[in-house]
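Here the structure comes first, spelled out in structure tokens, and everything after it is commentary.
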Amino acid sequence: MNAVEVGIYAKLSGDATLMATATGVYHRKAPAGSVAPYVVFHKQSGIHDFALASRMWRDYLYLIKIVDQSDSTSQAGTLLERIDTLLNDGTITVSGYSLMEMRRQSDVEYDEVVEGVTWQHVGALFRIWIQ
């Protein structure tokens, strides 16, 4: 994991309210056999902005979602509200960098059926600027 991902992981996994319901926080994918609901996050894009020859800041977009085994999005939606409270205009520690801003950009929601079992994916894209 890079410094941004370490910061996201620490913020989410360190929150007692979120972890009272979520069974884990995972980067990129949950291990096989993970029990729902859990949080998964990964980078969607990264832009490096320059002024002349110097890198001025980095602009990342992360998908952070709850995966729940359910026909309803209710529990996943409640967990996403908590993640929004923690991250939107919030803070994370990004070792070696300064956090400029962190903001929720858009929502992501879909379900999938695997062997007759419905899995909800409810999350959001968060833009994170560091310098």
Treat every Asp and Glu Cβ in the chain as -1 and every Lys and Arg Cβ as +1, leave all other atoms uncharged, and give the resulting dipole magnitude about the Cα centre to the nearest 20 debye.
560
In the neighbourhood of PHE50 defined by beta carbon distances under 13 Å, the net charge of the other residues (Lys, Arg +1; Asp, Glu -1) is 0
Sorted by packing (mean other beta-carbon atoms within 10 Å per residue), highest first, where do 113-120, 74-81 land?
74-81, 113-120
Helix 3-13 versus the longest principal axis of the chain: what angle, 0 to 90°, nearest 10, using Cα atoms?
40
Considering only DSSP beta bridges with both partners in the chain, what is the antiparallel share in %, to the nearest 5?
95
Highest-first arrangement of 61-67, 97-103, where packing means the average Cβ count within 10 Å
61-67, 97-103
The farthest towards the positive end of the charge dipole of the chain, of the residues GLY90, SER74, PRO31, given +1 on Cβ of Lys and Arg and -1 on Cβ of Asp and Glu, is GLY90
Relative contact order as a percentage, the chain, C-alpha pairs under 8 Å and 6+ apart, gives 25
Let me check I've understood the local charge: for HIS121, count other residues with C-beta under 15 angstrom from its C-beta, Lys and Arg +1, Asp and Glu -1. What total comes out?
-3
With a 1.4 Å probe and every protein chain kept in, tell me what percent of the accessible surface of the chain is carbon plus sulfur.
48
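The values are calculated or read from the model by the stated rules, or taken from the named source; none is laboratory data. The structure displayed is predicted, hence computed values, not measured ones. All Cβ positions, glycine included, derive from the backbone under ideal geometry; neighbour counts span all protein chains shown. Keep in mind that these areas ignore ligands, DNA and RNA; they rest on the heavy atoms of the full protein, side chains included. Shrake-Rupley method; radii C 1.70, N 1.55, O 1.52, S 1.80 Å.
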